[in-house]
Every structure is written in structure tokens, then in C-alpha cells.
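**Student:** Can you keep this structure in mind? I'll have questions shortly.
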Amino acid sequence: MRRKLLKSIKRVVIKIGSRVLTDANGGLDHEVIGRICDDIALLREQGKQVVVVSSGAIAAGRSELGLMEKPKTIPQKQAAAAIGQTRLMRAYEQALAPHALKAAQLLLTSEDLESRQRFLNARATIDTLLGFGIIPVINENDTVVVDEIMFGDNDNLSALVTNVAESDLLVILTDVEGLYSADPGKDPDARLIPLVESITRELERVAGNSASSVGTGGMATKVAAAKKAGKNGVPTILVAGKREGILSAAMRGEEVGTLFLPSGTGLNRRKHWIACTLKPAGRVIVDDGARNVLLKKGKSLLPSGVVGVEGRFERGACVRICDMEGREIARGLSDYSSGEISRLAGHKSSDIEALLGYRYADVVIHRDNLVVMS
């Protein structure tokens, strides 16, 4: 099955974790980086386009600054990233040079992808670089990022990049063989799970969390990334990144690591952006009738189905749509502000102009801008 699935792959996003890229002393492991770039060059020879999402800047900078532990304060992290990012890119450039390949740096914050125009600009840049045969190397812009504009971790970023880059596959290189049935460090009976057809809540609980002296994510963030990529119709392969030739083996369809299949039909690119990239600014509460219409009929949200609004937001904001019990059922871009929706709640569309003195649309959220989440 893997060989058949991978046969049609044309563009792949490869996420490389900090623990893969660093050695026992916390510095960059140039030998591992060289092996990964050898595999990337082989993929390019096979006609595949490659986008890299790379961690490692803070870890590389930490060693340069002489810090014995992972930086704890934002200024320390940003200083480490500032010096480490140049070292990281130099490592990629040196490892790709023998293959006559070049790397290009793209540094992003979540604000860059939440803005539709900047999102499309990033897509155009990636397309252009790939057209010139250059390997885009993407990382979070740690030198300027703060909590409000963080992706959280590069696992999450890599899942979002599958949409930006319009890729066919996500490969996550990590420090374990794949997803296990339990923590292999604690349970000797833990077994590798080679195939995940659907990411359930039970599977997410099994993934749990793990700590790292150099990274920010654990197995839970990797499963979450696979889930987000799956909503885009993109499969994910999770493998041990330090193993020689592992990337080539995975791309040949060998039974290595864990393959996560996308569940159902993927969202279109715009709806994936709404569901997975934008941060909701508030909540719109709907009655049972509206809930059923949204979930079963794929209709727009009318003001008559709204019973309440939580939070303050402007027109065009991304909002959660929740049922009477507070469960999120959908997410979408609002055609009205929170104040306007409060005035329109429970009324017919024909009353909008009389209530507000103007009318943007007959719906609160149009179905083209609405994604069912459950």
C-alpha cells in the first residue's frame, strides 16, 4: 500500500526536529545533516520537489553562546536563534553544495500565515524557489516571535506548510522509530504502530507528551501535525531521522516508522487555512436547529439560528461556532462583528437592514467560509 501511495508524490515537506539535528553536546550534528541532504538530493534526482521545515536554530545558538541548558527567557531564546539560524543555514548550504543544490531561508510567524495576502505571498515564494530548483528551508522567526504570534512548535508549522506549499506528503524526522502503543522508555511491551488509518482521541491520549532538552514538541505535537495535514488530504510518515538512509527508505515505501493516512476527503486549501491556521477571535452560539443544518446540510449560518456571542471581534474574523452545550461544531469567517451579531441574534435575514441600518450579507457566516469541525 505504501508504494502505491508514494508513487504519485510530487512535492514533499520534510520536518526535521532539533533532537535529530543536534549531537550529544547540543551542537549541530553535521554528519546527520549531511546524510539527510544526501537523501534530499536523491529525491530531487527522482523528480520530487522538497520543502524543509527545520528546527535547530536555538539549539545551535545555545552552544555558540555557551549555555549549558535550553534558554528559558524570551531574550535568551531570541539571541540564541539570531546567532544559531546563520549556523543552521550554513550547515544546509555546505551539505547541499556537493549535490549542486542551493538552500533558501524563509522565516515565518503565525501572523504571516493568518493574513491571507501574506499566506499567498509565501506560497508564491515557495513555488518560485522550487521552480528554480532551490530547497526552501523554513523555520519560525524566533528572533522576533512572542507568545501571541507563535506557531507553538515546528511540528505544527510543518502541517501548515503542507497547505502553503500545496504538498502531497509530510515526513517528520524525529528521535524515535515512530508512534508506539505506549511510551517505549517506560513500557517494555510497547510496540511500534506501523499504520494509523484514523487519529482518534484514544490515539491522541496514547501519544501523550514528552520533554526535550533541545526541542519544544513531543509525540503529541507530531500526532496533532499529522491530523492537521490529514485534513488537507495529506498523509504523514513519522520516522527516526538519525538513521542513515531513512528518508530514502520511507520514500521507497519500505515499512519504516508510522504512516498516518488522511481521514476522508481533504478540505480545499482555503478551508484548511480557516480550520487550521487562523486563531479564533470569539464564539458564536447556535441553537439545535442551526446545529443540525450546519452539520447535516452544509448550509450557511443565518442570524435566526444564533442565540449568543462570546468575545469581541470585527467583521471578517475567524470565530468558533458552538452548540448550546459549548461544543465547537464549526469554524468560519464572520460577515458581521460581534456587536452586530448580538443585535441580529434570533432575527430573520430580512430584518438585518432594519436592525442595523445597512446590510453586508444575508448570513452571519457563508458556507464557503465555514468548516465543520466535528
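**Student:** Among all the lysines, which ones have a C-alpha under 19 Å from Lys48's C-alpha, if same-chain residues fewer than 8 places away are not counted?
**Tutor:** Hits, sequence-local ones excluded: Lys4, Lys7, Lys10, Lys15, Lys102.
**Student:** Only helical DSSP H runs with n ≥ 4 go in: add -39500 (n - 2.57) per run for the chain, normalise by residue count and round the 222 nm mean residue ellipticity to 500 deg cm²/dmol.
**Tutor:** Numbers: 15 runs with 136 residues, N = 374.
The helix-only estimate for the chain comes to -10500 deg cm²/dmol at 222 nm.
**Student:** If one takes the longest principal axis of the Cα atoms in the chain, at what angle in degrees, from 0 to 90 and to the nearest 10, does the Cα axis of helix 30-45 lie?
**Tutor:** Between helix and principal axis, roughly 70 degrees.
**Student:** At a 10 angstrom cut-off on C-beta neighbours, averaged per residue, how do the peptides 292-303, 183-194, 47-58 rank from highest to lowest? Can you show the working numbers first?
**Tutor:** On the way: 292-303: 17.0, 183-194: 11.8, 47-58: 24.0.
Descending packing order for the listed peptides: 47-58, 292-303, 183-194.
**Student:** Can you give the FRET efficiency to the nearest 0.05 for Leu261 and Met68, using r as the Cβ-Cβ distance and R₀ = 45 Å? Can you show the working numbers first?
**Tutor:** Values: r = 42 Å, r/R0 = 0.93.
Between Leu261 and Met68 the formula returns 0.60.
**Student:** What FRET efficiency do you get for Asp362 and Ala281 if R0 is 25 Å and r is their Cβ-Cβ distance, rounded to the nearest 0.05?
**Tutor:** Details: r = 22 Å, r/R0 = 0.89.
Taking R0 as 25 Å, the efficiency between Asp362 and Ala281 is 0.65.
**Student:** Ok, one more. Go ahead and collect, in residue order, the members of region 279-309 whose backbone nitrogen is under 12 Å from a label point 7 Å along the Cα-Cβ direction of Met324.
**Tutor:** 286-292, 307
**Student:** Give me the number: length gained by fully extending Asp288 to Arg191, i.e. 0.36 nm times residue separation minus the C-alpha to C-alpha distance, one decimal in nm.
**Tutor:** On the way: separation 97, 0.36 × 97 = 34.92 nm, distance 4.31 nm.
Taking 0.36 nm per residue and subtracting the Cα distance, the gain is 30.6 nm.
**Student:** Per Stokes-Einstein, at 20 °C and 1.002 mPa s, what whole-number D in µm² s⁻¹ belongs to region 2-266, with the Kirkwood radius over Cα pairs as the hydrodynamic radius? Before the final figure, lay out the partial values.
**Tutor:** Details: Rh = 18.4 Å.
Approximately 116 µm²/s, per Stokes-Einstein.
**Student:** Treat the count of other C-beta atoms within 10 Å as a stand-in for reagent exposure and order Cys322, Cys37 from fewest to most. Intermediate results must be reported in sequence, preceding the final value.
**Tutor:** Details: Cys322 20, Cys37 25.
Ordered by Cβ neighbours within 10 Å, fewest first: Cys322, Cys37.
**Student:** For every other residue with a beta carbon closer than 13 angstrom to the beta carbon of Gly47, add +1 if it is Lys or Arg and -1 if Asp or Glu, then tell me the sum.
**Tutor:** Details: positive: Lys7, Lys10, Arg11, Arg44, Lys48; negative: Glu45, Asp168.
Charge balance near Gly47 sits at +3.
**Student:** Going toward the positive end of the dipole of the chain, with +1 on Lys and Arg Cβ and -1 on Asp and Glu Cβ, which of Ala24, Ala80, Val144 do you reach last?
**Tutor:** Val144
**Student:** For the chain, set up a GNM with springs between Cα atoms under 10 Å and report which of Asp288, Asp38, Asp168 has the largest fluctuation.
**Tutor:** Asp288
**Student:** Still on this model: Please give every one of the lysines within straight-line cross-link reach of Lys271, meaning a C-alpha to C-alpha distance under 20 Å, and leave out same-chain neighbours fewer than 8 residues apart.
**Tutor:** Within the straight-line limit of under 20 Å, Lys271 reaches these lysines: Lys227, Lys228, Lys231, Lys279, Lys296, Lys297, Lys299.
**Student:** Could you give the size of the charge dipole of the chain about its Cα centre, using +1 on the Cβ of each K and R and -1 on the Cβ of each D and E, expressed in debye and rounded to the nearest 20?
**Tutor:** Working: 50 positive and 45 negative charges, 177 e Å.
Using Cβ point charges on Lys, Arg, Asp and Glu, the chain gives about 840 debye.
The numbers here are math on the coordinates, done by the rules we state, and not lab data. What you see is a predicted model; the values in this text were computed from it and never measured. Ideal geometry is used to build each Cβ from the backbone, glycine not excepted, and the neighbour counts take in all protein chains shown.
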